[in-house]
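The structure appears below as structure tokens.
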Number of protein chains: 2
Amino acid sequence: MTAQRRSDGTRAAILTAARERFAADGFERATIRAIAADANIDPSLVMRYYGNKEKLFAAAAEFDLRLPDMALVPADRHGAVLVEHFLDRWAGDETLLALIRAAVSHEAAAERMRTIFAAQVGPVAARLAPDPATAATRAGLIATQILGFALCRFVLRLPPIVALDRDAAVAWLAPTVQRYLYDTPGH
Amino acid sequence: MTAQRRSDGTRAAILTAARERFAADGFERATIRAIAADANIDPSLVMRYYGNKEKLFAAAAEFDLRLPDMALVPADRHGAVLVEHFLDRWAGDETLLALIRAAVSHEAAAERMRTIFAAQVGPVAARLAPDPATAATRAGLIATQILGFALCRFVLRLPPIVALDRDAAVAWLAPTVQRYLYDTPGH
DNA sequence: TATCGTTGTCAACAAGTGTTGGCAAACGAG
DNA sequence: CTCGTTTGCCAACACTTGTTGACAACGATA
């Protein structure tokens with residue numbers, strides 16, 4: 001077990017404030033000073049505990065999608081369950097929002113995003129796809145729809161997308177994801 | 001007709017350099033100095049001709065999707081034609097990339113993005129959708145898929161999405177857009 | 001040629017950035 | 001209690017940013 005330090009509370013406060021700021025402002029506009037102010041401490045403490053801004057972001061952007069076990073779900077509901085899970089995960093943790101905002105103009109964040117999807121969505125697709133060779137493509141396509149939805153809803157705030165409630169969003173997106181999982185394209 | 005000015009060449013060079021920088025770096029990391037250097041002029045000229053960075057971006061982010069007339073296309077090809085058009089438009093003009101990169105952390109750019117999709121995609125959906133009341137939602141859904149694809153391909157550079165050639169991308173995405181245009185969700 | 005608006009350069013400002021080092025107080029072990 | 005370590009604050013650094021104003025070369029017009 002890791003030893004308790006007297007500063008653990010401060011460390012956690014910094015991390016929370018950092019996630020909020022990165023999520024709201026992106027990497028460059030989220031300043032160390034603003035994060036420190038939110039955490040009610042001095043900016044220099046951020047440096048002491050996290051080294052530099054880059055490492056602070058790396059620590060704040062740690063993320064686990066916690067994808068459910070698809071073996072327990074009927075095959076025709078796989079798309080719906082994935083969409084529901086993503087929506088909930090997104091609403092309940094601002095880390096993903098911080099990640100997408102930062103990834104757009106920050107290569108390290110983009111790399112993190114690639115890793116998350118390759119390492120966490122990839123295996124799910126690999127287990128379900130009819131032809132395992134197409135798994136990476138299918139995982140990528142799911143990412144385009146899920147990230148695109150998050151982009152339009154949480155970042156760009158397109159009014160008709162913001163207006164959708166959870167059920168409507170699932171009803172629209174689930175067939176798309178289902179198709180990316182199982183269909184073979186052709187016309 | 002607008003009068004010719006001796007500085008028109010410089011103005012155009014600034015605009016081109018601005019688009020490149022905004023597309024590559026986003027709003028904040030694209031500096032006036034870098035743009036001026038690319039255009040081989042002094043940074044102060046940028047201010048003289050465009051007022052400030054905000055207005056320069058507004059000028060650089062002027063964009064017309066040039067959506068084709070869907071009345072000339074068979075109904076079952078609408079999704080495919082839209083996807084093809086978006087892909088070509090995206091590949092041929094970095095303005096859209098600049099817009100998406102900037103929109104993520106810059107409210108004015110996000111507003112521009114909302115306007116473009118509401119004013120240009122909205123009417124197309126309104127003309128095609130079975131129920132006009134659902135047109136805005138359908139246009140928004142199309143935006144989620146198209147922007148999500150662009151995000152993953154050009155910004156995040158997800159390998160499996162970068163690897164898709166034009167035909168494969170169209171084959172995968174067209175049915176999604178077609179469904180967002182015409183289907184009524186339910187299960 | 002003399003004049004005036006245009007085009008461009010140079011140097012500087014004020015503000016904000018990440019980051020560093022020193023110093024005081026609080027704490028825990030001996 | 002005493003001493004070394006941890007925690008925190010303050011002031012400052014080196015640098016970059018958008019932006020401004022003064023000034024020199026140029027071009028057309030009179």
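All of the numbers you see were taken from the coordinates with simple rules; none came from a lab. This structure is a prediction, so every number in the text was calculated from the model and none was measured. Cβ coordinates were reconstructed from backbone atoms using ideal geometry, including for glycine residues, and neighbour counts include every protein chain displayed.
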For residues of A:95-102, the mean tally of beta carbons on other chains within 10 Å = 1
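Report the Rg/Rh value for region B:70-182, based on alpha-carbon coordinates and the Kirkwood definition of Rh.
Radius of gyration over Kirkwood radius for region B:70-182 works out to 0.96.
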Inter-chain shielding of A:163-176 (mean C-beta neighbours from other protein chains, 10 Å cut-off) = 4
Label distances, nm, B:Thr115 versus same residue in remaining copies, Cβ-directed 7 Å point | 4.0
How far is it, in nm, from the label point at B:Ala119 to the one at A:Leu72 when both lie 7 Å from their Cα along the line to the Cβ?
-> 5.0
Quick one: what are the phi-derived ³J(HN,Hα) couplings along region A:72-81, Karplus 6.51/-1.76/1.60 with θ = phi - 60°, whole Hz, x for glycine and proline?
-> 8, 10, x, 4, 6, 10, 4, x, 4, 5
19 Å cut-off, amide nitrogen to a point 7 angstrom out along B:Glu107 Cα→Cβ, residues in region A:87-104 | A:98, A:101-102
Sites A:Asp165 and B:Tyr182 - FRET efficiency at Förster radius 25 Å, r taken between beta-carbons, to 0.05 | 0.70
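For peptide B:107-119, how many partner chain Cβ atoms fall within 10 Å of a residue's Cβ, on average? Before the final figure, lay out the partial values.
Values: counts 1, 0, 1, 4, 2, 0, 6, 5, 0, 0, 5, 3, 0.
For this peptide, the per-residue mean of nearby foreign Cβ atoms is 2.
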Charges only on Cβ, +1 for Lys and Arg, -1 for Asp and Glu: so what's the dipole of region B:50-187 about the Cα centre, in debye to the nearest 20?
-> 240
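Charges at C-beta only: +1 for Lys and Arg, -1 for Asp and Glu. How large is the resulting dipole of the protein assembly as shown about its Cα centre, in Debye rounded to 20?
Details: 44 positive and 42 negative charges, 174 e Å.
It comes to approximately 840 debye.
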Can you bin region A:8-60 into rounded, prolate or oblate? Criterion: square roots of the alpha carbon gyration tensor eigenvalues sorted a ≥ b ≥ c, rounded for a/c under 1.5, prolate for a/b above b/c, oblate for the rest.
-> rounded
List the distances, in nm and shortest first, from the label point of B:Asp88 to the matching label points in every other copy, placing each point 7 Å from Cα along the Cα-to-Cβ direction.
-> 4.4
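Let me have the 222 nm mean residue ellipticity of chain A computed from DSSP H runs of 4+ only, each contributing -39500 (n - 2.57), with the sum over all residues rounded to the nearest 500. Walk me through the numbers before you get to the answer.
Numbers: 11 runs with 124 residues, N = 187.
So the helix-based figure for chain A works out to -20000 deg cm²/dmol.
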Ascending list, in nanometres, of distances separating the B:Arg5 label from those of the other copies (7 Å, Cα toward Cβ) = 5.7
Per the rotation taking chain A to chain B, min distance Cβ-to-axis on chain A (residue, whole Å) equals A:Gly148, 1
Residue by residue through region A:117-127, which ³J(HN,Hα) values in whole Hz follow from phi under the Karplus form 6.51 cos²θ - 1.76 cosθ + 1.60 (θ = phi - 60°), with glycine and proline marked x?
-> 6, 5, 7, 10, 7, x, x, 4, 5, 4, 6
Among B:Ala37, B:Ala129, B:Ala174, which one moves the most in a GNM of chain B with springs linking Cα atoms closer than 10 Å?
-> B:Ala37
What order, most packed first, do the peptides A:131-139, A:64-72 have when packing is the mean number of other Cβ atoms within 10 Å of each residue?
-> A:131-139, A:64-72
